[in-house]
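Q: The following block contains the structure, expressed as structure tokens.
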Amino acid sequence: LLSDFIGEFPDITDDPQHPCLNPDPLIGYPEGQKLALELQQQGERGLIYPSARNAGGKCLVIFDPSAIQNVRPGAKWDLIWSGEPEFDIECV
């Protein structure tokens with residue numbers, strides 16, 4: 001699926017030391033929850049933050065579902081499994 005995201009979103013990708021980005025879940029998780037609550041109370045619709053899995057990548061969390069618009073089909077893929085641990089992927 002593809003969609004558009006409507007609004008301006010705070011961005012913490014340039015703040016790698018932000019407490020919510022701490023890799024220790026005992027620190028990062030509660031700090032992230034605290035930040036999300038603060039942003040929601042300020043009326044923010046979402047937050048852009050750095051990807052933990054893709055160096056240099058960015059992620060977007062949406063707090064307000066109405067910020068997601070124009071949802072539409074994207075690419076279609078077939079996963080082909082032959083009973084082995086490996087599988088093939090084909091764009092259809």
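Only the coordinates and a few stated rules stand behind these numbers; no lab work does. Everything quoted here is computed from the prediction, not taken from an experiment. Cβ coordinates were reconstructed from backbone atoms using ideal geometry, including for glycine residues, and neighbour counts include every protein chain displayed.
Q: From the Cα gyration tensor of the stretch 1-40, with a ≥ b ≥ c the square roots of its eigenvalues, which class applies: rounded if a/c is under 1.5, or else prolate if a/b is larger than b/c, or else oblate? Numbers along the way, then the final one.
A: On the way: a/c = 1.97, a/b = 1.90, b/c = 1.03.
Prolate.
Q: Test of understanding: what is the full-extension gain from Gln41 to Ser66, defined as 0.36 nm times their sequence separation minus their Cα-Cα distance? Write out the running numbers ahead of the final one.
A: Values: separation 25, 0.36 × 25 = 9.00 nm, distance 1.62 nm.
So the extension gain works out to 7.4 nm.
Q: Of Leu39, Cys20, Val61, which is farthest on the positive side of the dipole of the chain, counting Cα position, with +1 on Lys and Arg Cβ, -1 on Asp and Glu Cβ, and the Cα centre as origin?
A: Result: Leu39, furthest along the dipole toward the positive end.
Q: For the pair Glu90 and Leu2, what calculated FRET efficiency results from E = 1/(1 + (r/R0)^6), where r is the Cβ-Cβ distance and R0 = 22 Å, to the nearest 0.05?
A: 0.65
Q: Just need the relative contact order of the chain here, percent rounded to a whole number, with Cα pairs under 8 Å and 6+ apart. Don't jump to the answer; show the numbers that get you there.
A: Numbers: 118 pairs, mean separation 28.6, N = 92.
After rounding, I find 31 percent.
Q: Also, quick follow-up: Using only the alpha-carbon atoms, how far is helix 25-41 inclined from the longest principal axis of the chain? Give it as 0 to 90 degrees, nearest 10.
A: 70
Q: I'd like the Karplus ³J(HN,Hα) series for the stretch 56-73: coefficients 6.51, -1.76, 1.60, θ = phi - 60°, whole numbers in Hz, and an x wherever there's a Gly or Pro.
A: Per residue, the Karplus-derived 3J(HN,Hα) values read x, x, 10, 10, 10, 10, 10, 8, 10, x, 6, 6, 9, 9, 6, 6, 8, x Hz.
Q: Among residues other than Lys58 whose Cβ falls under 14 Å from its Cβ, what is the net charge (Lys/Arg +1, Asp/Glu -1)?
A: Values: positive: Arg53; negative: Asp11, Asp14, Asp15.
Around Lys58, the charge tally is -2.
Q: Using the Cβ atoms and a cut-off under 15 Å, what net charge is assigned to the surroundings of Ile6, where Lys and Arg are +1 and Asp and Glu are -1?
A: -2
Q: Report the local net charge at His18: Lys and Arg +1, Asp and Glu -1, summed over other residues whose C-beta lies under 13 Å from its C-beta.
A: Charge balance near His18 sits at -4.
Q: I would also like to ask the following. What's the long-distance tail for the chain, i.e. % of Cα pairs beyond 16 Å? Mind dumping the intermediate values first?
A: On the way: 2803 of 4186 pairs.
In whole percent, the long-distance tail amounts to 67.
Q: What size of dipole, in debye to the nearest 20, comes out for the chain about its Cα centre when the only charges are +1 on Lys and Arg C-beta atoms and -1 on Asp and Glu C-beta atoms? Write out the running numbers ahead of the final one.
A: On the way: 6 positive and 15 negative charges, 46 e Å.
Rounded to the nearest 20 debye, it is 220 debye.
Q: Is the stretch 37-78 rounded, prolate or oblate when judged by the Cα gyration tensor, a ≥ b ≥ c being the square roots of its eigenvalues, rounded requiring a/c under 1.5 and prolate requiring a/b larger than b/c?
A: Values: a/c = 3.85, a/b = 1.32, b/c = 2.93.
Verdict is oblate for the stretch 37-78.
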